[in-house]
Amino acid sequence: MVAGTGDIEMLILLALALAPQVVLEVTPDGPYRTIAAAVAAAPRSATVRVAAGVWREPTIEITEAITLEGMPGAVLDGEGERELLVVRGGGVIVRGFTFRNTGTTYSEDRAALHVDGAWGCLIEQNRFEETFFAIYLSRVEGCTVRDNLVVGTPGTESATGNAIHSWGSRNLRIERNDLRGHRDGIYLEFTRHATVHDNVSTGHFRYGLHFMYADSSTYARNRFVANGSGVAVMYSRGVVMHDNDFSGNRGPTAYGLLLKEITDAVLARNRFINNTTGILADGAERVEVRENRFESNGWAIRLLASTSGGRFLANTFVGNAFDVTVNGRGTLGVFKGNRWDSYRGWDLDADGTGDVAHYPVRFFALLVERAPVAMLLQRSLFVRVLDAAERVLPVLTPRGVVDEAPQMLRADRGGAE
Amino acid sequence: MNTILRLLVPAAREAVRGRWLLGLMIGLALLGELLLRFSGGGPTTLVSLLDVALILTPLAGLVIGTMQVHHAREVTELLLAQPIARGRLFIALYLGTALPLALALVIGLLAPFAWHGLLVGPDAWRIVALAAASGALALVTTAFAFIIALRADDRVRALGIALAVWLVAAVLWDGLILLIALGLGARPIEGPLLVMLAINPLDLARVLLLLGTDAAALLGYTGAVLQRTLGTDVGRLALGSALLLWLTVPPMVAARVFARKDF
Amino acid sequence: MIHVRGLAKRFGTRVVLAGLDATMIGGRVTALLGPNGAGKTTFLKILLGLARADAGTVAVGDRLLDGSPEYRRQIGYMPQIARFPAHLSGRDLLGMLAALRGDDMAPDLSLADAFDLGDQFDRPLGVLSGGMRQKVNAVLAMAFRPSVLILDEPTAGLDPLACRVLKDRLLAERARGTTVLITSHVLPELEELADDVLYLDAGRAAWAGAVRELERHTGEPTLERAVARLLAGGAALAVA
């Protein structure tokens with residue numbers, strides 16, 4: 001057994017926790033009247049405990065491994081003009097504060113809580129209001145960010161930063177946060193081995209979760225609701241995505257999930273519901289998409305020609321205007337064992353597998369691909385006639401995408417879960 | 001007014017006696033019931049009903065309207081020899097045909113939803129909007145049927161023309177739009193196409209209903225253009241005017257044809 | 001009284017009435033005759049307001065036809081083939097017409113009694129025989145005490161007894177001063193009734209005048225023969 005870096009950090013933290021507890025109290029009446037004074041005075045592994053009240057101080061900087069803890073009602077207020085807290089040392093714990101009012105700036109990535117070049121930090125149970133960036137992690141190793149609530153201010157995309165932003169970091173755990181109304185909910189850039197679990201990310205102008213050069217990361221059981229787009233995974237390899245909800249991402253350029261220039265990703269047991277586009281794959285190689293559910297989307301899956309080697313297995317497609325569209329003629333991937341509500345075949349031997357192949361790309365979808373405005377004719381009788389003609393005259397249907405073993409949909413629409 | 005009512009009642013009674021309307025109403029109600037029962041009453045139900053209503057309503061309006069004019073021909077002549085103004089007779093005859101049809105459609109669509117207690121609640125307006133659109137389409141297409149039947153005295157010929165009109169409005173017109181859309185490719189032609197859609201009351205109703213359902217947001221870029229164009233006050237005004245025009249102009253044309261017709 | 005001047009009507013390129021002048025006087029029965037296509041039906045339709053004239057003036061009773069429907073209050077009309085709503089009875093139809101006309105007076109149903117219609121008047125018209133329907137047709141035409149009667153083949157389908165009753169009624173109407181305009185293919189029957197003849201040919205009044213006058217003019221003893229002569233075009237035609 002080789003202990004990973006995370007284990008070593010845990011050992012250090014454990015050692016710190018077992019050391020004798022020094023607690024420095026910050027209250028309006030002393031012993032410490034400012035947080036900065038207490039932090040400066042605190043020895044390694046001490047706890048600085050801040051009483052309820054609104055604290056307005058110059059940016060506080062922590063370099064020692066201490067715990068900074070806010071009592072209920074402790075508020076750090078940036079008065080619209082500064083970062084609130086900068087963490088530079090290892091093993092720092094920040095917990096229980098309300099951070100607010102950093103103000104908006106276009107010249108720097110101003111964050112309420114900025115962790116820079118630190119390791120093994122824990123940021124939990126904080127609340128962020130009216131912050132440009134809420135939590136900004138740069139060159140961080142092995143930090144955990146959990147159980148925070150980040151509430152954005154209404155504004156425009158450029159007037160707000162990201163709720164949780166990571167740059168050049170490794171081994172992050174981002175869990176159970178509730179993130180609302182920023183540019184990106186979570187933005188991971190040049191960040192590897194991140195684990196993003198159980199977060200709710202909603203109402204962001206751009207993406208609920210944004211991967212940029214973030215290899216070997218996993219995100220699971222998150223909910224991405226009503227963002228500009230749900231999740232964008234770009235220029236990354238080895239990303240695993242499972243059991244997430246992508247819903248209500250609607251708009252002319254909105255996706256549940258955008259895959260752009262990625263390789264070797266796995267997408268399993270996610271649900272895509274009510275998105276304009278469920279998945280848009282542009283330059284995705286060797287992506288395995290299995291056991292996902294696509295329901296009531298405009299386009300469930302759009303594959304651009306730059307995509308190859310995809311495997312689409314045992315997914316369920318219900319109530320989408322288009323299940324699959326492609327903009328090229330090549331083979332874009334393998335489809336097998338999916339359930340399609342548009343399947344018109346039969347299953348005479350009742351083994352659950354349809355007896356004839358299913359071609360999920362509608363001819364009309366190709367027309368819409370060429371002339372998007374033709375979408376106006378959706379649900380018209382003419383398009384219905386086109387569909388019928390397509391079944392009679394299969395020469396119209398693109399042969400490139402075919403499911404040779406479509407599964408029969410059960411009447412209860414239970415699908416793939 | 002009194003005269004119109006006195007004429008309208010027997011005309012409507014005559015329309016209902018045809019059994020067509022009853023069949024239509026019960027058929028729609030049964031379909032709705034089946035859909036509610038077996039597809040969970042979600043958006044799928046509404047969309048399926050929308051499909052059926054948009055195909056069936058104009059067909060019913062055109063066919064029943066045409067048949068009714070010919071069916072009522074002798075009575076019309078009998079009444080025309082009485083001291084009754086033609087205008088009033090027309091209103092009675094038209095409304096006596098169109099209103100029962102519209103009512104049958106509205107009841108047929110709403111009944112299963114009412115039965116399942118789905119006529120209250122935040123989503124109720126969708127089925128109500130569908131029913132209202134069906135009713136309005138019935139009024140429009142019945143007026144067209146009157147124009148056709150009043151101009152073509154031969155029963156079979158009139159029915160043929162009515163079916164041809166339906167085919168054009170329900171199918172071929174959209175084919176033309178598709179051809180134009182494909183021909184002009186990516187150029188911004190939403191505006192002209194919207195006008196083309198508004199010219200066809202079937203398309204107008206379909207697009208309006210699509211906008212009302214979730215589907216609009218799923219239309220992608222086109223949906224956004226639609227929302228942007230039609231979601232504004234000007235857009236709404238234009239749509240309202242188009243609807244109003246469709247509801248008033250065809251009956252007025254039919255009335256004029258009726259007033260000038262030599263029986 | 002019916003007074004017509006310069007009445008013209010064409011359907012497309014086909015001229016049906018080409019400047020028809022005619023006068024029908026109250027208290028006299030006028031037989032409207034002429035070959036097929038002469039414009040009889042169109043003439044009647046214009047009188048009834050079912051068709052519109054291209055040119056000319058028409059006066060019925062004391063009213064000029066100007067698009068208002070009121071003049072028709074004076075007219076009783078008996079169409080050639082009475083196709084009524086099948087589920088209504090004669091009495092239903094009468095009630096409906098009475099309500100539509102908005103007259104105060106009670107309908108005159110003496111003809112129904114004379115026909116001895118009895119409960120047939122209360123049965124749906126759809127189940128009545130052709131003759132019985134024709135009787136109802138006649139009753140309805142007379143019910144509102146018209147001063148102008150327009151009858152299109154009134155005796156078609158009637159049995160001799162009913163014919164007799166209808167003729168008696170028409171004679172009584174004449175005696176009351178009603179203007180009666182009648183078309184029929186049964187010329188001997190007209191002989192008995194008609195005072196005047198209006199003979200149309202090619203949309204014009206080819207002959208108009210008293211029956212006696214026509215017989216004298218053609219030298220034929222009966223109306224039937226006189227008309228046959230007119231049809232053959234053998235007699236010099238003149239408008240009296």
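Here are the numbers:
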quantity	calculated
Hz values of 3J(HN,Hα) by residue in the stretch A:66-80 - Karplus curve (6.51, -1.76, 1.60), Gly and Pro given as x	10, 9, 10, 10, x, 6, x, x, 7, 10, 9, 10, x, 6, x
Within a Gaussian network of chain A (alpha carbon springs, distance under 10 Å), most fluctuating of A:L149, A:L367, A:L24	A:L367
Anchor A:K260: lysines whose Cα lies under 26 Å away (excluding residues fewer than 8 positions away in-chain)	A:K336
Net lengthening on full extension, A:T59/A:Q125 (0.36 nm per residue, minus Cα-Cα)	21.7 nm
DSSP H segments from chain A that extend 15 Å or more along their own axis, Cα-based, with Kyte-Doolittle mean of 1.0 or above	A:5-18
Distance between the stretch A:41-85 and the stretch C:137-181 - C-alpha centres, whole angstrom	112
In order through the stretch A:302-318: 3J(HN,Hα) via Karplus (6.51 cos²θ - 1.76 cosθ + 1.60), integer Hz, x for Gly, Pro	10, 10, 8, 4, 6, 9, 8, x, x, 10, 10, 10, 6, 8, 10, 10, 9
Estimated buried accessible area (total), pair B and C, 1.4 Å, Å² to nearest 100	2200
Distant-in-sequence amide H partners of A:R183 (H built 1.01 Å from N, under 5 Å)	A:G161, A:N162, A:A163, A:F205
Phi to ³J(HN,Hα) by Karplus 6.51 cos²θ - 1.76 cosθ + 1.60 over the stretch A:351-356, Hz, x for Gly, Pro	9, x, 9, x, 7, 10
Entries of C:K45/C:K167; C:K9/C:K45; C:K135/C:K167; B:K261/C:K9; B:K261/C:K45 with Cα pairs more than 18 Å apart	C:K45/C:K167
Relative contact order, percent, chain A [alpha-carbon distance under 8 Å, six or more residues apart]	6
Value of relative contact order over chain B, rounded to a whole percent, pairs C-alpha under 8 Å and six or more apart	26
Chain C - percent relative contact order, Cα under 8 Å, separation 6 or more	27
Cα centroid separation - the stretch B:92-137 against the stretch C:1-62, whole Å	49
Cut-off under 5 Å, modelled amide H: who pairs with C:A208 long-range	C:Y199, C:A240
GNM top mover of B:T66, B:T45, B:T142 - chain B, alpha-carbon springs below 10 Å	B:T45
Mean-position separation - Cα centroids, the stretch A:107-130 and the stretch A:261-280, in angstrom	30
Other-chain or far-sequence residues with amide H under 5 Å of C:V16's (modelled H)	C:K9, C:R10, C:F11
Mean shadow area of the protein assembly as shown over all directions, Cα convex hull, nm²	53.5
Pair A:A159, C:A8: separation of 7 Å Cα→Cβ label points (nm)	7.8
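The values are calculated or read from the model by the stated rules, or taken from the named source; none is laboratory data. Not measured: the values here are computed from a predicted model. Neighbour counts are summed over all protein chains in view; Cβ atoms, including those assigned to glycine, are modelled from backbone coordinates with ideal geometry. When the accessible area is computed, the model is the full protein with side chains, heavy atoms only, and any ligands, DNA or RNA have been set aside. Shrake-Rupley method; radii C 1.70, N 1.55, O 1.52, S 1.80 Å.
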